[in-house]
Amino acid sequence: MNHDHYDDQYIKSILEDVKTIAVVGASANTSRPSYRVTEYLIAKGYEIFPVNPGQAGNKIAGALCYASLKDIPQPIHMIDVFRNSEAAFGVFEEALELTPLPKVIWTQLDVRNDEAARLAEAKGVQVVMNRCPKIEYARLIS
């Protein structure tokens, strides 16, 4: 996969297919992008699971927050990563230990880790990097 350019249909099909999304690095601070994206995705009908160890057990944008991906009590279709490029590798590793595997791992704007992407794609997981699902949803679906 060429992670320098994504076909619009690739992105659109992901956003239309996934139903459950874990937002890793979600913030309870309403001015943070991760909060606004979480809130937006909920409004668009996705079932959202914020992941932030410091907020576990609390609600972010009305959704119960979990300490880690493995704590989420149901399968996750997509993982949206709000961590820096270096930390993203660990998120990919954690995601690739889930059963079942997520369909997609998506990293936010300015977040890219090609080594992690190769690991995920080798296991059949789709990857999108350096994109925001809120922006892409508004551009391609709304």
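Looking at this structure, is I105 hydrophobic (A, V, I, L, M, F, W, C), at pLDDT 95 or above, part of a loop (DSSP other than H, G, I, E, B) and under 19 Å from Y40 (Cα atoms)?
Working: hydrophobic (A, V, I, L, M, F, W, C): yes; at pLDDT 95 or above: yes; part of a loop (DSSP other than H, G, I, E, B): no; under 19 Å from Y40 (Cα atoms): yes.
Considered against the rule, which asks whether it is hydrophobic (A, V, I, L, M, F, W, C), at pLDDT 95 or above, part of a loop (DSSP other than H, G, I, E, B) and under 19 Å from Y40 (Cα atoms), I105 comes out as no.
Is it the case that region 9-29 has a residue that's farther than 23 Å from I141 by Cβ, in contact (Cβ under 8 Å) with a residue 40 or more places away in the chain and hydrophobic (A, V, I, L, M, F, W, C)?
No - not one qualifying residue is present in region 9-29.
If you check every pair at least six apart or on different chains, which have Cβ atoms under 8 Å apart with a residue in region 54-71 that is without any contact (Cβ under 8 Å) to a residue 60 or more places away in the chain and within 17 Å of R83 (Cα to Cα) first and a residue that is of a type in the set (G, A, S) and part of a helix (DSSP H, G or I) second?
Matching pairs, first to second residue: L69/A95.
Can you pull out the residues in region 108-139 that are closer than 18 Å to Y35 by Cα and in a helix (DSSP H, G or I)?
Step one: list which residues in region 108-139 are closer than 18 Å to Y35 by Cα, which gives 108-111, 130-138.
Selection gives P133, K134, I135, E136, Y137, A138.
With respect to N29, determine if the residue is surrounded by fewer than 14 Cβ atoms within 10 Å (Cβ to Cβ) and within 21 Å of I135 (Cα to Cα). Walk me through it before giving the result.
Numbers: surrounded by fewer than 14 Cβ atoms within 10 Å (Cβ to Cβ): yes; within 21 Å of I135 (Cα to Cα): yes.
The answer is yes for N29.
The values are calculated or read from the model by the stated rules, or taken from the named source; none is laboratory data. Computed from a predicted structure; not experimentally measured. Cβ sites come from the backbone with ideal geometry, for glycine too, and all protein chains shown count toward neighbours.
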